[in-house]
Every structure is written in structure tokens, then in C-alpha cells.
Amino acid sequence: VGPKKEVAECKEKFASSVDPTVSQTFMLDRVFNPEGKSLPPMRGFKYSSWSPLGCDANGRCLLAALTMDNRLTIHANFNRLQWVQLVDLTEIYGERLYEASYKLSKADAPRGELGDFSEFQRRHSMQTPVRMEWSGICTTQQVKHNNECRDVGSVLLAVLFENGNIAVWQFQLPFLGKESITSCNTIESGINSPSVLSWWEYEHNNRKMSGLIVGSAFGPVKILPVNLKAVKGYFTLRQPVVLWQEMDQLPVHSIKCIPLYHPYQKCSCSLVVAARGAYVFWCLLLISKAGLNVHNSHVTGLHSLPIVSMTADKQNGTVYTCSSDGKVRQLIPIFTDVALKFEHQLIKLSEVFGSVRTHGIAVSPCGAYLAVITTEGMTNGLHPVNKNYQVQFVTLKTFEEAAAQLLESSVQNLFRQVDLTDLVRWKILKDKHIPQFLQEALDKKIESCGSTYFWRFKLFLLRILYQSMQKAPSEVMWRPSHEDAKILISDSPGMGSTEDDQEEGTSKQASKQSLCDPGKGTDVDDTADYSLPQSNDVGGREPMEEKLLEIQAQIEAVEMHLTREHMKRVLGEVYLHTWITENTSIPTRGVCDFLMSDDGYDDRTARVLIGHILKKMNKQTFPEHCSLCKEILPFTDRKQAVCSNGHIWLRCFLTYQSCQSLVYRRCLLHDSIARHPTPEDPEWIKRLLQGPCTFCDSPVF
């Protein structure tokens, strides 16, 4: 808010002021006085917001976090289980305001000095975040040096401040840090005591419109236009639209915007729902020839206590609300000729978890689970002495519904539907077989369209079936043992080698357990390396082993099919981006020979493509060489390369190059190995290396 020395002097002046309206306001406001002296420290987080998928370098989400001391930062998960702070937006925004003399525009009249308490309050309120929300990913056009235009992905982060202003940050994707910030524009909302923020994104006749929905602690709700300059195909409102204007002192707690299709009007529409006290305010917006139509009302009689959390399933429009007494309401929108109505039913968590208090709910991306934060409720009319916070999961879909949704999915990505695949996984692990209807439906899909998505889904089912056939270990593999084995060092002369011997014994035991495990390095769960069921009855063991070998053969066949399909894609990129007799770092000749080595594989597309590539290569082979001994690395295996001197290098599953470095990447489920892109790689190879795992759709770390 100003130079450090001046700020310190002003704080001391306000704290010792003889005017109680100044001194008490200053001492009790934790924004001005974060250390608080006798007050509890400001630790923890006020609010967090996840970006859409595909915003960080690994194609995953960014996390915007607002701390209790009002610092807004953005974090990313670059390496597995390692979160890194990329940028401090509070610091950057403060610097911008300082350079602009704390004026939003040059036309603004000059303000008072920092020693004036009202100016001190104004400078704090204009950069104290209340909420922040991410927009969907949009496309901008970037002009290159040769005047070519290329589409660049970008995402917007809207930050609502205490004084009602909204800062809209535009980030170029993938977001890497301060250098990825494209712009920052500030909008004046005109709303007093703002409490919540949400993006309004509406698509009409292939035209995308956007705006910001702002709610107030006094009750009003309105949509503000957002002018997105240079954003391809985006439009906004001409002026603000007031959805609810009554100052009825019902604070707006949460806002959700759900895109739906109106079956009677035959057009897309937008449903806005907001939690206000114990009620749900809804507003249906649709664009017709007459303009923007707005229908709004309230749903009453849901809860006897104020709503503490609200979430929505954006796939079917179902809204879930909860109050602190452990009651969750499910609201299902039903369209009428004019607008819509809600059918609601009560979900009593006490019937599932016992007496609990609820603090928050969230629905999984595909609507398979409802996550609920709970603490113990009252027992015999008494509150618990200690609060133990737990996250409980409630299934919202049956196995049949999840399987049908996966088969008919337009996303065609297993990683983005992991909550649905988890329901399917649980069912197969429990019943130890793949249901007949699912097998038949999947085979029909593979025959009719042949998309690799259905082959990956089949591979997922076979791996889970294989895992379900194995005997579960007596102890959970990942859980550390807490046995205390205390021995006097003098009584154990071999103490120094005990730990090594234990590790060696453990590794031997693990290797025995995973002899028949096809998922070694391709497991889908931490408990995948289960041992085979042991039995003294040889006749009883053989059918089980035969069954496991049969499933293992099916797994290998599906993996080989997916490998060949990806090899065809890689060869297609090679053909499109290379000149005659050009040496690429990709072992093109080896991939071609590998594809044609199996006499049973007869793919006309592959043969034609390989013929064109070999003609382009003009009898050149361009083999890979071992970096240790300079011997040729033959392409005989899709997973590794072995030179004549026995040096073994793992192969990148995205480009089939040998990873001859000490560092490489691995997919989230440890299916495959991928190399890091290098500066000398052309753009098309870098693009190949950005792809997900070809077996499980997971991102690569």
C-alpha cells in the first residue's frame, strides 16, 4: 500500500490514535493487522480454485490458493507429488497499483495521502481478494515473426476484491510462471460487500459468450460483461444484467453456472443457481430472437439451517446442497414450456455415517461420487470434545450407469473419467469377472468404429480382471510396519548388514510374487503386485494359472495393437515432416521393420505408409547408436534397446527413441517410459512428446 517505512509509521499512528473509531477498527481488522499480537495467527487457506484440465506443462490443473493473510498464489504439480509455487499474484498486482499511484485509470482524481485512515482502508480493500475463479480454456491468435498466425491456448483468472473491483488475468498456456502472464484488466462491478464470484459461459449458434456473475452479502446478484480482446470466437454482454436486485440481507454464499439444452425451445440455455441463506436462487438465461430471456425464482423448504456448501453435476444439471446438520438435498431440474422447476429429494447422511455435521460437499467431474467433509455430530445432546475432520465418499451412480457412460463418452479419455472407471474397477475386483453385457457392448464398439479409446478401455478391464484373480496379501503393501525391534548393538555383530539383508529378502520375495504379473511397470493400482493363489491341490491350481495365462495373453495382444496404432501415427508424422533421405532422431527404419515383422499383421494402411517412407528414405537406414560404446542399437523390442555389448536403454513410448540419459519421464500409472524434449528437437517431435500414455491416457511426469 506504500513504502515500507511510511506504512510502518502509519500503522503505529493508527494503533495509538485517541479516536476509538480509528484505533479499534485498525487493531481488530486482520487485513491491516495480520500479526494480531494476542489474536491467533493467520495460518491456513481461505479459498482455493482449480483450473480446467490442460493448463500446466503436464496437461493437468493449476491451483489458485488464497491464504488467510490474503496472499493469492498459483501452484503447479510439475513432478509427481511435488507442488511448486509459480507466481504470487498479490505481489504483482500491488506493484501495478503502486506504479499507477493506486488509480484504476489516468482520468481518476488524485486521492489523499496514506496517513489518512480512509485512504489507508481504500488501498487495502482494492487489493484484498475475496474469491477467484478460472474460466474455460479459450483460443487466442498470436502473430509470428513471419506474419503467420497460430492459435495459442489461454485461460482467464478472475479475482474479486473487497471493494467490488475484479481483476481479470489472462495467462498463456501452458502456464510456466510470471512470463506466461499476458494481461491484467480491472473491472468495477459497483457491488457493495461482494461475497462470491463465478464465470458465466454460454454458447449460442457456435458463438461463445462470457461474463462474470457476482453476488453480494446484502443479496443482489448480477452478470458483468467481460471484454476479451483478441480472444477467438468470444463475445460478451453489452451491459450488466441484474439477476436479483433486492437488498434482502440474504448473503449469496455460492454460485454455479450449468450449461443445458432446452428441449422445448430447441436451443442451449444457461442455468445459474446461487445459495442464499437456506434457499436456492435459480435463474434460467436463454437467447432468442427477442434477445436475452431471464426467468428467475427461489426454491424454498430445502433446509432448516443456512446452506453451507453447494455443488453441481454439469453433465446433467443436478444440484446438491448441504446444511451443517448433516442433510444433503439433490435438486433435479425439469424443463417446462416456459422455464423450469426442481424436483428435490433428501439424502440423510446420518443413515450412512451416523450422527455427523457437514462442512462442505463436492461432486466428482463425471458425477460418480459425492465427497462430503464431516465431523462428529451430537451424542446424547452433547457436542464432541474434539473435531476430527473426514472426507467421506458417497456413490451417486451404479456400475451399469458408469459403464454405459464410458461406452458412450464423447471425451474418449480414461484419465478424464477416472471417477467412472473407479466404479467399474471396484465392481470387477468384487465379482472377479467382467459382466457379459459390458464385454459384448465393448466388442461391438471395437468392431464398428475401432477407436483406440475402446481398446484402452478393454486393456483397463483385462488388467483389473487379472488383478482380481490374484490372492490379496495379508498386509497392505504400502503401509509401513510399526513394529519396534530393539536390539543391543553389542549383541548383534551383524547389525550393519541386517537392513541390507532385509531389503534383499524383500526384493526377492517381491520378485517371486510378480513372476506372473503382466502389469509389472504397468500396474493400475498400488496393490497390483499380488501373488498368485497358492494351493496344495495341483489340480485346483492349474485351472487358475491357465486362466491367468489366458488373460495375460489377451493383455499382451491389446497392448501390441495399441503399440502398432501409435507406431502408424509416429510414422505418419515422420512422413509429413521430413525431406528425402533426411535423418530424424526417430528410428524410422526400425519401426517399419518391427511393424512388418509379424506375418499375421496385415494392415493395408500401414503397408502403404511404410512404402512411401522407404521410398523417401532412399535405402538409408539411419540406425541409433549406443552412447557408451557407439555400437548400433537394433530395433527388436518396443520397450528397450540392447546393443551388442549388452548395454540396455529404455525406449520412449511416444517416439520409440532410446532414452540414453539419466533422467526420463513416466506416466502417472507407471505404464510407460518417455524421454524429455531437447532444444534441438523439431516442433513436431516436441508435439509428439506432449501426448498422454497410449495405454491408459495418463499424463507423463
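The values are calculated or read from the model by the stated rules, or taken from the named source; none is laboratory data. Predicted model, so just to flag it, every value in this text is computed and none were measured. No Cβ is skipped: glycine too gets one built from the backbone with ideal geometry, and neighbour counts run over all protein chains shown. Please note that ligands, DNA and RNA were not included when accessible areas were found on the heavy atoms of the full protein model with its side chains. Shrake-Rupley method; radii C 1.70, N 1.55, O 1.52, S 1.80 Å.
Which residues, counting only those in segment 420-440, are surrounded by 14 or more Cβ atoms within 10 Å (Cβ to Cβ) and within 29 Å of the chain's Cα centre (by Cα)? Correct list: LEU420, THR421, ASP422, LEU423, VAL424, ARG425, TRP426, LYS427, ILE428, LEU429, ILE434, LEU438. Within segment 383-394, the residues that satisfy the criterion of being out of contact with any Phe, Trp or Tyr (no Cβ under 8 Å at 6 or more places or on another chain) and either assigned to a strand (DSSP E or B) or surrounded by 15 or more Cβ atoms within 10 Å (Cβ to Cβ) (or both) are GLN390, VAL391. For segment 77-107, a residue qualifies if it is under 22 Å from LYS4 (Cβ atoms), exposed (fewer than 13 other Cβ atoms within 10 Å of the Cβ) and of a type in the set (Gly, Ala, Ser), and exactly one does: SER101.
Exactly one residue among THR73, THR67 is of a type in the set (Ser, Thr, Tyr) and either in the same structural domain as LEU197 (by the TED database) or closer than 30 Å to VAL152 by Cβ (or both), and that residue is THR73. For TYR279, the conditions (1) closer than 30 Å to SER409 by Cβ; (2) touching a His at 6+ places or on another chain (Cβ under 6 Å); (3) open to solvent by 60 Å² or more (accessible area, probe 1.4 Å) are fulfilled apart from (1). When ARG43 is tested against (1) under 18 Å from LEU176 (Cβ atoms); (2) open to solvent by 50 Å² or more (accessible area, probe 1.4 Å); (3) touching a Ser or Thr at 6+ places or on another chain (Cβ under 9 Å), only condition (1) is not met.
Pairs meeting the criteria (first residue in segment 636-658 and more than 19 Å from PHE701 (Cα to Cα), second residue outside any strand (DSSP E or B) and open to solvent by 50 Å² or more (accessible area, probe 1.4 Å), beta carbons under 6 Å, at least 6 apart or on different chains) are CYS643/GLU631; SER644/GLU631; ASN645/GLU631; HIS647/LEU628. For segment 46-64, a tally of residues being closer than 30 Å to ASN413 by Cβ, part of a strand (DSSP E or B) and open to solvent by 30 Å² or more (accessible area, probe 1.4 Å) returns 4. LEU662: open to solvent by 20 Å² or more (accessible area, probe 1.4 Å), assigned to a loop (DSSP other than H, G, I, E, B), out of contact with any strand residue (DSSP E or B) (no Cβ under 7 Å at 6 or more places or on another chain) and without any contact (Cβ under 8 Å) to a residue 24 or more places away in the chain, yes or no? Yes.
Only residues that are part of a strand (DSSP E or B) and buried (at least 21 other Cβ atoms within 10 Å of the Cβ) were counted across segment 666-701, and they come to 3.
Need the failing condition index for GLN392 against (1) polar (S, T, N, Q); (2) without any contact (Cβ under 8 Å) to a residue 24 or more places away in the chain; (3) within 30 Å of PRO52 (Cβ to Cβ), just the number. Of everything listed in (1) polar (S, T, N, Q); (2) without any contact (Cβ under 8 Å) to a residue 24 or more places away in the chain; (3) within 30 Å of PRO52 (Cβ to Cβ), GLN392 misses just condition (2). Restricted to segment 1-32, and to residues there that are in contact with a helix residue (DSSP H, G or I) (Cβ under 6 Å, 6 or more places away or on another chain) and assigned to a loop (DSSP other than H, G, I, E, B), the residue that is least open to solvent (accessible area, probe 1.4 Å) is PHE32.
Condition test on GLU565, is it surrounded by 14 or more Cβ atoms within 10 Å (Cβ to Cβ) and touching a strand residue (DSSP E or B) at 6+ places or on another chain (Cβ under 9 Å)?
Details: surrounded by 14 or more Cβ atoms within 10 Å (Cβ to Cβ): yes; touching a strand residue (DSSP E or B) at 6+ places or on another chain (Cβ under 9 Å): no.
No, not satisfied.
The set of residues in segment 601-626 being open to solvent by less than 70 Å² (accessible area, probe 1.4 Å) and farther than 24 Å from GLU680 by Cβ consists of TYR601, ASP603, ALA606, VAL608, LEU609, ILE610, GLY611, LEU614. For segment 188-199, a residue qualifies if it is under 22 Å from MET247 (Cβ atoms) and open to solvent by less than 40 Å² (accessible area, probe 1.4 Å), and the qualifying residues are SER189, ILE191, PRO194, SER195, VAL196, LEU197, SER198. Inside segment 584-635, residues that are without any contact (Cβ under 8 Å) to a residue 40 or more places away in the chain and among the β-branched types (Val, Ile, Thr) make up a count of 6.
Would it be correct to say that VAL152 is β-branched (Val, Ile, Thr), at pLDDT 90 or above and either part of a strand (DSSP E or B) or touching a helix residue (DSSP H, G or I) at 6+ places or on another chain (Cβ under 7 Å) (or both)?
Values: β-branched (Val, Ile, Thr): yes; at pLDDT 90 or above: no; either part of a strand (DSSP E or B) or touching a helix residue (DSSP H, G or I) at 6+ places or on another chain (Cβ under 7 Å) (or both): yes.
The answer is no for VAL152.
Yes or no: segment 290-307 includes at least one residue that is under 30 Å from the mean Cα position of the chain (by Cα), surrounded by fewer than 21 Cβ atoms within 10 Å (Cβ to Cβ), outside any loop (DSSP other than H, G, I, E, B) and on the phi < 0 side of the Ramachandran plot. There is no residue in segment 290-307 that is under 30 Å from the mean Cα position of the chain (by Cα), surrounded by fewer than 21 Cβ atoms within 10 Å (Cβ to Cβ), outside any loop (DSSP other than H, G, I, E, B) and on the phi < 0 side of the Ramachandran plot.
Assigned to a helix (DSSP H, G or I), at pLDDT 80 or above and surrounded by fewer than 11 Cβ atoms within 10 Å (Cβ to Cβ) - does that describe any residue in segment 113-136?
Residues of segment 113-136 assigned to a helix (DSSP H, G or I): 117-125.
With the extra rule that they be at pLDDT 80 or above, the set shrinks to 117-125.
Now narrow it down to the ones that are surrounded by fewer than 11 Cβ atoms within 10 Å (Cβ to Cβ): 118.
Yes.
Looking at segment 328-382, which of its residues are in a strand (DSSP E or B) and open to solvent by 80 Å² or more (accessible area, probe 1.4 Å)?
First pass over segment 328-382, keeping only residues in a strand (DSSP E or B): 328-335, 340-348, 356-363, 369-376, 379, 382.
Once the filter is applied, which keeps residues that are in a strand (DSSP E or B) and open to solvent by 80 Å² or more (accessible area, probe 1.4 Å), segment 328-382 yields LYS341, GLU343, GLN345, LYS348, ARG357, THR379, LEU382.
If you take the residues in segment 65-74 that are of a type in the set (A, V, I, L, M) and crowded, with 17+ Cβ neighbours inside 10 Å, which one is farthest from PHE175 (Cα to Cα)? Applying the filter and picking the extreme gives LEU66.
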